[in-house]
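Inspection log for the structure reproduced underneath, given as structure tokens.
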Amino acid sequence: MAEAKVLVIGGGGREHALCWKLSDSPFVKQIYCAPGSVGISATNKVESVDIDIKDYPALAKWSKDHSIDLVIVGPEDPLANGIVDALTPHGIKCFGPTKAGAEIEANKEWSKKFMNKYQIPTARFQSFTNADAAKEFINSAPYPALVVKASGLAAGKGVVVASNKEEACHAVDEILTDAKYGAAGQTLVVEELLEGDEVSVLAFTDGETVSIMPPAQDHKRIGDGDTGPNTGGMGAYCPCPLITPDQLADVKDQVLKRAVDGLKAEGVKYVGVLYAGLMITKSGPMVLEFNCRFGDPETQVLMMLLESDLYTVMKACVDGTLNQLQVTWNTRLSAVGVVIASKGYPETSTKGCVISGLSQASSTPGVVVFHSGVSRGANGSLVTWGGRVLLAAARAGSLRAAAAAATAAAEGIDFPGKQYRKDIAHRAFSNMQSLGQ
Ligand code: AMP
Ligand code: GLY
């Protein structure tokens, strides 16, 4: 039965979670991960491979030589660079959109125009390549035009949520005049400031059918109480109660399905995961951004709740048979993930600090520890290797129990200068409290 060989592209916590879930599949014999990581290699059936994932002809040859049945692309950069377009002509099946599909994340100006064209609810905006014109607009816009974004991919940076017009104009100078984000900031988008709770709704799609995942919430700020600078994400939980079942149904129809249909109308068959980053405003959910891939750290908690076989779901997306599959999620449990980051993150990161307490945390029932930035030190010990180092995830019968277990697991893992939040899911708890739950 277990015959399939898959290659996962990437090496962070998200890819660790994908490999962890794929390793459960009775249909999967071997998982390769490039570049992978120490933690990924320790997963059953998984081998990290050192191949150049930017050399597409070499990657195609490697995949053919190893009889790879499915390539699964984790991060946005290879998708935006056309990895799927390069491998598909060699007869290699890929889970992830083509370069044209990845535009929905990689080109914010295009994405916002696309949303307007297909009536997908999003903040009002204007795009600019000229700094004076952008500043004039900020100073005279009929709405609080305070969010300034570099249009291209800027590794999760390049978005300034300004508190006043001066700050917004300063961001225009940084992005357009000083080229702080290089080519990614040659065009910028100035957007209406939206208020509300942020929720991530991801969906599997084969380009026709959309199967949504339970809603999750990321925690972007470094500090407890959502304070301090933005990061790549300091923790996540799922399911998130800050979006109602009716709103979720609207997001499926009026955001995700509309986007997949819109892409099809534009000549793009979108296969893979489409991620809607939403603001739940007083007038309903509005799209802040689309991502063309799984989120990190949302994936770590989502995979802990996915009941269906991940390989079967991905294969149905690639084969165009998602309409024949019921993707099921564990609705009795909740999952919470707490990121453990290194000293100085997000401005800087520290490498080489010895990590302790990992095996004890990992052997706690209900807890899984995913590796984001970990390497092996000279004496064989595990050491920090980047900004976000680990994510301690826990699954339990209630959100509160899962949060307590994940936070306790994060507490038990140690290295000099570690940072982690002790309040993951706090917005859910405030909401539950206000509802008397
Ligand atoms: P993006 O990469 O476009 O999702 O932006 C990154 C972050 O900036 C989001 O997760 C929000 O926290 C914030 N943000 C983006 N757009 C807006 C907006 N229009 N109003 C308020 N906050 C925003
Ligand atoms: N969790 C945010 C992202 O993956 O972009």
>> For a quick check, take a GNM of the chain with Cα springs below 10 Å and name the residue from Gly380, Gly366, Gly357 with the largest mean-square fluctuation.
In response: Gly380
> With point charges of +1 on the Cβ of Lys and Arg and -1 on the Cβ of Asp and Glu, referenced to the Cα centre of the chain, which listed residue (Tyr270, Val148, Val38) lies farthest in the positive direction of the dipole?
Replying inline: Val38
> So, with +1 on the Cβ of K and R and -1 on the Cβ of D and E, and no other charges, what is the size of the charge dipole of the stretch 183-309 about its Cα centre, to the nearest 20 debye?
Replying inline: 220 debye
>> Cβ neighbours within 10 Å, averaged per peptide: list 15-22, 327-334, 384-391, 193-200 in order, most packed at the top.
In response: 15-22, 384-391, 193-200, 327-334
> When only DSSP loop residues count, what trypsin sites (Lys or Arg not before Pro) in the stretch 27-62 have their Cβ near at most 12 other Cβ atoms within 10 Å?
Replying inline: Lys54
> Residues with beta-carbon under 14 Å from that of His426, excluding His426: net charge, scoring Lys, Arg +1 and Asp, Glu -1?
Replying inline: 0
> Once amide H atoms are built 1.01 Å from N in the peptide plane, which residues 5 or more positions from Val73, or in another chain, come under 5 Å H to H?
Replying inline: Ile9, Phe95
>> Suppose every Lys and Arg Cβ carries +1 and every Asp and Glu Cβ carries -1, with no other charges. What dipole size does the chain come out with about its Cα centre, to the nearest 20 debye?
In response: 580 debye
>> Using +1 at the C-beta of Lys and Arg and -1 at the C-beta of Asp and Glu, which of Gly284, Leu333, Val71 has the Cα lying farthest in the positive direction of the dipole of the chain?
In response: Leu333
> the stretch 250-281 to the stretch 1-69: how many Å between their Cα centroids?
Replying inline: 28 Å
> For the chain, what's the relative contact order in percent, using C-alpha pairs closer than 8 Å and at least 6 residues apart?
Replying inline: 15 percent
>> Please compute the length gained on full extension between Arg332 and Leu435, using 0.36 nm multiplied by the number of residues separating them and subtracting their Cα-Cα distance.
In response: 35.1 nm
> By the scheme Lys and Arg +1, Asp and Glu -1, what is the net charge of all other residues having a beta-carbon under 14 Å from that of Val172?
Replying inline: -4
> Rounded to the nearest 0.05, what FRET efficiency do Ala155 and Gln186 have when you use their Cβ-Cβ distance and R0 = 25 Å?
Replying inline: 0.95
> Peptides 293-300, 90-97: what's the order by average Cβ count within 10 Å, highest mean first?
Replying inline: 293-300, 90-97
> Considering lysine pairs in the stretch 13-99 that are 8 or more places apart or on different chains, how many have Cα atoms under 18 Å apart?
Replying inline: 10
>> If you take every residue apart from Gly225 with its C-beta less than 11 Å away from the C-beta of Gly225, what net charge results, scoring Lys and Arg +1 and Asp and Glu -1?
In response: +1
> Can you give the extra length, in nm with one decimal, that the chain gains between Lys54 and Ala100 once fully stretched, where that is 0.36 nm per residue apart less the Cα-Cα distance?
Replying inline: 14.8 nm
> aspartates and glutamates within cross-link reach of Lys108: Cα-Cα under 17 Å, excluding same-chain residues under 8 positions apart?
Replying inline: Glu76, Asp77, Glu191, Glu192, Glu266, Glu289
>> Using helices alone, I'd like the mean residue ellipticity at 222 nm for the chain: each DSSP H run of four-plus residues gives -39500 (n - 2.57), total over residue count, nearest 500.
In response: -8000 deg cm²/dmol
> If the chain between Thr281 and Lys113 were fully stretched, how many nm would it gain, using 0.36 nm times the residue separation less the Cα-Cα distance?
Replying inline: 58.4 nm
> Where in the stretch 43-76 does the label zone of Val354 land, with the point 7 angstrom along Cα→C-beta and an amide N cut-off under 17 Å?
Replying inline: none
> In whole angstrom, how far apart do the alpha carbon centroids of the stretch 355-414 and the stretch 78-137 sit?
Replying inline: 35 Å
> Where the only charges are on Cβ atoms (+1 Lys, Arg; -1 Asp, Glu), what is the dipole of the stretch 357-437 about its Cα centre, to the nearest 20 debye?
Replying inline: 160 debye
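Values quoted throughout were computed directly from the atomic coordinates according to the rules given, and no laboratory measurement underlies them. Quick caveat, the model's predicted, so the values are computed rather than measured. Note that we place each Cβ from the backbone using ideal geometry, even for glycine, and neighbour counts take in every protein chain shown.
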